[in-house]
Amino acid sequence: MSQFLSQEKSIYLQISEMIENDILRDIILEEERVPSTNEMAKLYSINPATAAKGINILVDEGIVYKKRGIGMFVSTGAKETIKKRRKAEFYDHYIRSIIKEAESLEISKEELVTMILENEDC
Amino acid sequence: MNGKKIRTYTLNYWLKSFIKKAIWMVLFSTYLIMAFYCIDSLLGEGKAMSFFRDILVLGESEKNVLLNEVLILGSWWGYYISAILGVTYMLNYRSMVMLPLSMGSTRREAYVGYELAIVVILFLTNLHSLILAFISKEIAGESVLFNHYPVYIAILISFIGVAKLLFSIQFENSSKTGNLVKVILGCYIFGAAIGIFAHHVFLVAGENEMMDGEWLNVLVDFLGVEIKPGEWLYALVAVLGVLTWVIGGKITLKKSKNIEVVMLFS
Amino acid sequence: MESIFCKNVSKKYKKKIVLEDVNLELEPGKIYGLIGRNGAGKTTLLSMIAAHAPVTEGLICLGEEEIWENPNALEHICFSRQLNPSMIMVVKDYFKLASMYYPHWDENYAKQLIEKFELETSKPVSKLSKGMQSMVTIVAALASKADYTFMDEPVSGLDVISRDLFYKLLIDEYAETGRTFVISTHIIDEASDIFEEVIVLNQNQIVIKENTQELLERAVFVSGKAEEVDKAVKGMNCYHAETIGRSKSVTVLLEEGQRIEDSSELTTRAVTLQNLFVALCGKED
């Protein structure tokens, strides 16, 4: 198992997330080539079919497109697409579990908001 | 059946391996024994090797021809060594059969290749032995081995045939029965060797009434060789030998269905 | 290349049943993981498919043709097994025989692999370490270039770095040729990412044959107060339930349409392949 991947989430989801993160961080720019299925399979020691599944998610969402015979490329506007989607998913992925935890500790929503507003850290 | 594989199997690998062994076992030991015999006869008054002389039971006219004696000794030695080699290779079925099976060979191919390899090995060692015997016959005009070669070859086949029969019965790979068979085999070879040596003595002495028989002439005509009265036993053994080889082979092939490639692996 | 089919295959010895009425289709072009406890029948199954051992009942075919005693089928199959540690044959000779018997053997590839593994080919097998013996079987398997290649615990005795090398070589070869591999292993989590499909053997049967990722998506580890857990997993396939005091934990394999209701009383976690295997095949107290 690769040291880059965790056991908590499906491998192919992690692959698509990693590529998305690279796009957001300008590690791969728009219209630049994305590593191929086989390259990623070798790098992370995973089955190429799994890597392909991860890339296909990005193809379906229009973040990445295929140039026949050459490879996969980042679509123009991919960065925006990713941000928009993640914003929409933000509540489900992060907020929901915070609220659940807060509930079990009997912290009200108002207290939560106060915590966020008053905290100087970030 | 993939004939190409069988050829490759026999010729490329096992003969090369055999030739290395043959050079040491057959040629080296034969010529070593022949050299020792020469030295002993010339310098040691032949005392050390008189044992061999008695066993070989050379005729009066041959006794005084050193070269002839040496050749005869060499040819007999080669003959017995080929029997031992044949059995050694036969017992080597772990490599000769199991390995090919583990690498995608069918049981039929592996088994036929194994048989072919043993036959070729026996043929080559006996060829050398026969050549020595032929030369001695040319020198002295007589060589027991050369004159009665078909019979002796058949005896050789009987060694291997019985061994194979015993072997085929346990061909289902139990290591316990494997050891048991090796013991039985050893006893058989040892016993037969003693018997052959003993019969050599009787043969030349020509005195053992036990071995006379009129029906012998039928066998003589059938086999087309010169068989002395005392040799009926050999003829019988020869026929049995061929039979056991064939039966053993058939049983093995039938039982081969149950061979599991186990012995090679942990 | 056709699929391999096992139809109602059983393997029984005088007093023991190893496999019973096993049905399996191995589709070409995949890497399969074969897992099961010691003695579950992994080696036996692979052995029968490769015709190293006969079936007691049933039929094994490559496409339409039975594999047993069939050179046309056998030339597409390679089963590279753990060698007998007392084998006196020299490694070089073993590979020589392999090159003769496997019709698609790639000598150059074999040489590259031997170099990568730093294998000492002049030594007899018995003088090699366990790890090196495994490397011999790996080289033989990969260089055979057989369409269906089976490996029985190929990483046994290999240190983590060599294991890593093996996985990379396997993926390299698979990516390039699309050969079918079936790998049995005890080191499950490490290899689980490599297996497109996983086959689990337990109690003489195949209990799971499924795409690895999809299987793991169905698996959930649920823990919390016992009553809450019981409520949440009612009617579901539960395995390896453990109770300590008031808390209970259980591993669940969800069927289509099932899900664990979100609740602050429950903790749910993803399950690794190894965890799932232990839950499915471990001893029930």
Exercise for the section: Determine, yes or no, whether A:LEU5 is closer than 30 Å to C:GLY33 by Cβ, in contact (Cβ under 8 Å) with a residue 12 or more places away in the chain and within 14 Å of chain C (Cβ to nearest Cβ). Expected result: yes
Completion exercise
Selection from the range A:34-69 of residues more than 14 Å from chain C (Cβ to nearest Cβ) and exposed (fewer than 15 other Cβ atoms within 10 Å of the Cβ) yields A:ASP60, A:GLY62, A:LYS66, A:LYS67, A:ARG68, A:GLY69
Completion exercise
Going through the range C:209-222 in order, the residues found to be in contact (Cβ under 8 Å) with a residue 24 or more places away in the chain and surrounded by fewer than 18 Cβ atoms within 10 Å (Cβ to Cβ) are C:LYS209, C:ARG218
Exercise for the section: Within the range B:77-108, track down each residue that is at the interface with chain C (Cβ under 7 Å from one of its Cβ atoms) and either touching a residue at least 40 places away in the same chain (Cβ under 8 Å) or over 29 Å from C:ASN72 (Cβ atoms) (or both). Expected result: B:LEU99, B:PRO100, B:LEU101, B:SER102, B:SER105, B:THR106, B:ARG107, B:ARG108
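Within the range C:119-146, track down each residue that is of a type in the set (Ser, Thr, Tyr) and open to solvent by 20 Å² or more (accessible area, probe 1.4 Å).
Our first condition is that a residue be of a type in the set (Ser, Thr, Tyr); within the range C:119-146, this holds for C:121-122, C:126, C:129, C:134, C:137, C:144.
Residues satisfying the conditions are C:THR121, C:SER122, C:SER126, C:SER129.
Checking the conditions here, which among C:ASP189, C:ASP164 is in the same structural domain as C:ALA51 (by TED's automatic domain parsing) and either open to solvent by less than 40 Å² (accessible area, probe 1.4 Å) or in contact (Cβ under 8 Å) with a residue 60 or more places away in the chain (or both)? Quick ask: steps written out before the conclusion?
Working: C:ASP164 fails: either open to solvent by less than 40 Å² (accessible area, probe 1.4 Å) or in contact (Cβ under 8 Å) with a residue 60 or more places away in the chain (or both).
The conditions single out C:ASP189.
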Exercise for the section: For the range C:63-76, state whether one or more residues are under 20 Å from the mean Cα position of the chain (by Cα) and open to solvent by 20 Å² or more (accessible area, probe 1.4 Å). Expected result: yes
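Name the residues in the range C:207-228 that are within 25 Å of A:TYR12 (Cβ to Cβ) and more than 14 Å from every other protein chain (Cβ to nearest Cβ), would you? Break it down stepwise before answering.
Taking the range C:207-228 and keeping what is within 25 Å of A:TYR12 (Cβ to Cβ), we get C:207-222.
Of everything in the range C:207-228, those that are within 25 Å of A:TYR12 (Cβ to Cβ) and more than 14 Å from every other protein chain (Cβ to nearest Cβ) turn out to be C:VAL207, C:ILE208, C:LYS209, C:VAL222.
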Problem - Elements of type helices (runs of 4 or more DSSP H) in the range C:1-104, at least 2 residues being assigned by TED's automatic domain parsing to the domain that holds C:LYS123 and touching a residue at least 24 places away in the same chain (Cβ under 8 Å) - result: C:42-49, C:91-101
Exercise for the section: Determine, yes or no, whether A:GLN14 is within 13 Å of chain C (Cβ to nearest Cβ), out of contact with any helix residue (DSSP H, G or I) (no Cβ under 6 Å at 6 or more places or on another chain) and in contact (Cβ under 8 Å) with a residue 40 or more places away in the chain. Expected result: yes
Completion exercise
Counting only helices (runs of 4 or more DSSP H) entirely within the range A:18-122, those with at least 1 residues that are under 17 Å from the mean Cα position of the chain (by Cα) are A:37-44, A:48-60, A:78-90
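The values are calculated or read from the model by the stated rules, or taken from the named source; none is laboratory data. Nothing here was measured: the structure is a model prediction, and the numbers come from that model. Cβ atoms come from the backbone with ideal geometry, glycine included; neighbour counts cover every protein chain shown. Calculation scope for accessible area: heavy atoms of the full protein, side chains included, ligands and nucleic acids excluded. Shrake-Rupley method; radii C 1.70, N 1.55, O 1.52, S 1.80 Å.
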